Amino acid sequence: MALGAALLGLLSGCSPRSLREVPNGKESLYSFLSQGEARAALALLSDLWDLGPRFPPVRIRPLTWTEDPFSDSYWRFLFYSLRPTSNLLWAYYASGETRYRDKLIEILRSYAEHDAARPVGPQAYDRTRFDNRHAAAYRALVLVNTLVKLRRSGDLPPDLEQSLLGSLERLGAFLVRPENFEPGNNHGYTEAAALVVMAENLPELPGAPAWRDLGLRRLEQLALDTIDDDGVQIENSPFYHIYSLCLLWEIRQWAHRFGVPLSRTFSDRVTSMTRYAHLVTQPDGQLPLLGASVSMDVRRYRSDVLSRIAAFDPALAYVRSAGASGQEPSERHALFPSSGHAILRSGFGKGEEFSRHTHILFDVGPYRTLHSHLDGLSLVYYSAGRTLLPDSGLYTYEPGEEFAYYQSTRAHNTVVVDDRDQALGVVRPGLHAGGPEWAYQSGSHHLYPGVLHRRAVLLLQRDLALVVDLLDSQVPHSYAQTWHLFPEARLQQQGLHVIALDETGPVLALHQALGEGVTLEIKKGATAPRQGWYSAIYGKQVASYALEYRVQASTAAFVTLIASGSYAARPVQTAVRRHSDTLSLHLCIDGAGLQAEVNQLAQHGESVTVRPLGPCAP
């Protein structure tokens, strides 16, 4: 075979296993360790290391195992975990061509020689490369997967086998140490599971029994510590929730298949994660970019694993297929009380109708981990087939000005006080309620000293939402209600009212029902300070419009009507009355009247009513 039929198939879009099955067994914990990309495998034959779309391929010859061509932590993580070598392993079994095996063995010999000679122990740790905890755990899984497969097919030279066993024994000794385990986030899943996988596959290694017991105990504790009672992974990121769900589901399936006794606690916690998964997914299959999130399409990401999860959860199958399969979810809106994520949705439907519904993710929860952002009471608004008011995204983990901006409060759809960031702390959810068409959530926080911020989000119906912000202090402050628009938006401004257009015309309108004392600043790609930037792909950012509605006062109120889809271009009349702790909005749009009334917003005795008023004269 000149290239290998399976590789040619992959290059034309076929599955990497479409023609020849990679021999998987107990050595394969995560399915992607036995999968690969044809271009990356071919590149490695010429010493080009292609570590994915974030980085251009780089030629490395000879290997020194000190490589860091981009001064980037994620590149180092991938390289020193040895994950790129999985492309060669897959290519060898998929095509039968020995050149992929030979290159793999060449790289493994180089690694094993370096690993045997380098210093070990806490005083010699290099956390940026080999002794990064997460990279070390993945390296253990890659080496077990590779060693067992090559040994089973008779392709592993005996001397290399002994060298790799020595490396794995050192990795086991490294991973058992408490300082090399990260119990508070998704890294811990792989760090714990790697010990169990090594022990199950290499029982001849002296530490194997202890590794197994410790790894299982850690997995159980991780399930308790990192998955909330409401089933949401604690990192305050829809991206990391789905990422973690896929890892944990594979760990559970692997353990069940090979008789490894995971606890009932672990299994139940993993199962509980599917409810949030199908509710947080937007109608286009994408996830909101809340917290440390990058673009993820739940219909495409790790489809082999998510398809198995969807077979268990018919509601997830329905959401992933836009209603073509599975069962329509029974909940249209929900509050996850531990994480503080509220999801308000206008409906489901099927096909094209499915994608047109409105979906709001509203954050009324606490700051949790380093993957959280300073985004209390922020929201992401999807409607009319796209995310219209997105979170700004992630962009980078590298410390610096960009990292600080994307973490900052002003990079989110919330209210900024005195142009400063919120403190780390707690947001308290208020009332969660809903009716036949509408859904409501409120919350409050004191994350700015001396300031109480209360916000209510009311989804009135598809394409119409109301956001009420009340801010109270004893002294004057500068309050800025900030909205971030989708990056392709073009703007039309009519005083405080702003219409956003895409290539089809108006798709979003923001109407301020209380305009007295309010000014509007529009920014795009600003750098001093940074404002108006968007990043859906790690390491890539584009300028996008940010609107800042500003008030200078001790107390302030913003009442914002969000109109999307066909409502975006239609005239709107609003009238707001506020008496004591009751706020009433009368709305006339498209010839129909509507009244919404909120009492005791985010306080004891809170209530909300929504009722149609019949025809009105716009």
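Which of (1) open to solvent by less than 20 Å² (accessible area, probe 1.4 Å); (2) free of Cβ contacts under 8 Å to residues at least 40 places away in the same chain; (3) over 22 Å from the mean Cα position of the chain (by Cα) is the odd one out, the single condition M198 does not satisfy?
Single failed check for M198: (2).
Could you please find all residues in the range 202-217 being open to solvent by less than 20 Å² (accessible area, probe 1.4 Å) and assigned to a helix (DSSP H, G or I)?
Correct list: A208, W211, G215.
In the list A546, A569, A536, which residue meets the criterion of being closer than 27 Å to R490 by Cβ, open to solvent by less than 60 Å² (accessible area, probe 1.4 Å) and at pLDDT below 95? Even if it seems obvious, please write down each step before you answer.
Working: A546 fails: at pLDDT below 95; A569 fails: open to solvent by less than 60 Å² (accessible area, probe 1.4 Å).
None of the other options fit; the residue is A536.
Restricting the range 40-52 to residues that are within 17 Å of V142 (Cβ to Cβ) and assigned to a loop (DSSP other than H, G, I, E, B), which is most open to solvent (accessible area, probe 1.4 Å)? First the steps, then the outcome.
Here is the first cut: in the range 40-52, the ones within 17 Å of V142 (Cβ to Cβ) are 40-41, 44, 49-52.
Cutting the leftovers down to assigned to a loop (DSSP other than H, G, I, E, B) gives us 50-52.
Numbers: D50: 46, L51: 19, G52: 22 Å².
Checking each candidate, the answer is D50.
Which one is surrounded by the fewest Cβ atoms within 10 Å (Cβ to Cβ), of the residues in the range 376-393 that are among the aliphatic types (A, V, I, L, M) and under 18 Å from T482 (Cβ atoms)? I'd like the intermediate steps shown before the answer.
Narrowing the range 376-393 to residues among the aliphatic types (A, V, I, L, M): 377, 379-380, 384, 388-389.
Among the residues that remain, those that are also under 18 Å from T482 (Cβ atoms) are: 377, 379-380, 388-389.
Working: L377: 29, L379: 26, V380: 26, L388: 26, L389: 24.
Filtering the range 376-393 for residues that are among the aliphatic types (A, V, I, L, M) and under 18 Å from T482 (Cβ atoms), the one surrounded by the fewest Cβ atoms within 10 Å (Cβ to Cβ) comes out as L389.
Mind checking which helices (runs of 4 or more DSSP H) fall wholly inside the range 70-139 and carry at least 1 residues that are within 29 Å of the chain's Cα centre (by Cα)?
Working: elements: 73-80, 86-95, 98-117.
Ranges flagged: 73-80, 86-95.
Could you figure out which of (1) out of contact with any Leu (no Cβ under 9 Å at 6 or more places or on another chain); (2) without any contact (Cβ under 8 Å) to a residue 40 or more places away in the chain isn't true of Q552?
Q552 satisfies all of (1) out of contact with any Leu (no Cβ under 9 Å at 6 or more places or on another chain); (2) without any contact (Cβ under 8 Å) to a residue 40 or more places away in the chain except (2).
Which one is nearest to Q282 (Cα to Cα) among residues in the range 313-350 that are open to solvent by 10 Å² or more (accessible area, probe 1.4 Å) and part of a strand (DSSP E or B)?
Result: H333.
Identify, please: which residue in the range 465-494 is more than 16 Å from V380 (Cα to Cα) and polar (S, T, N, Q) and is, among those, modelled with the lowest pLDDT?
Only one residue fits best here, namely Q494.
Counting only residues that are crowded, with 22+ Cβ neighbours inside 10 Å and farther than 24 Å from I234 by Cβ, which one in the range 418-447 is farthest from the chain's Cα centre (by Cα)?
W438
How many residues, within the range 351-372, are in a loop (DSSP other than H, G, I, E, B) and open to solvent by less than 10 Å² (accessible area, probe 1.4 Å)? Quick ask: steps written out before the conclusion?
So in the range 351-372, the residues in a loop (DSSP other than H, G, I, E, B) come out as 357-358, 364-372.
Checking which are open to solvent by less than 10 Å² (accessible area, probe 1.4 Å) leaves us with 358, 364-365, 372.
The qualifying residues number 4.
What residue, of F79, F55, is among the aromatic types (F, W, Y), open to solvent by 10 Å² or more (accessible area, probe 1.4 Å) and under 22 Å from A136 (Cβ atoms)?
Details: F79 fails: open to solvent by 10 Å² or more (accessible area, probe 1.4 Å).
Of F79, F55, the one residue that is among the aromatic types (F, W, Y), open to solvent by 10 Å² or more (accessible area, probe 1.4 Å) and under 22 Å from A136 (Cβ atoms) is F55.
Can you confirm whether S564 is hydroxyl-bearing (S, T, Y), open to solvent by less than 20 Å² (accessible area, probe 1.4 Å), in contact (Cβ under 8 Å) with a residue 12 or more places away in the chain and under 30 Å from E401 (Cβ atoms)? Before the answer, list the steps.
On the way: hydroxyl-bearing (S, T, Y): yes; open to solvent by less than 20 Å² (accessible area, probe 1.4 Å): yes; in contact (Cβ under 8 Å) with a residue 12 or more places away in the chain: yes; under 30 Å from E401 (Cβ atoms): no.
Answer is no for this residue.
The values are calculated or read from the model by the stated rules, or taken from the named source; none is laboratory data. Everything quoted here is computed from the prediction, not taken from an experiment. Glycine also receives a Cβ, built like all others from the backbone with ideal geometry; neighbour counts cover every protein chain displayed. Ligands, DNA and RNA are excluded from the accessible area calculation, which covers all protein heavy atoms including side chains. Shrake-Rupley method; radii C 1.70, N 1.55, O 1.52, S 1.80 Å.
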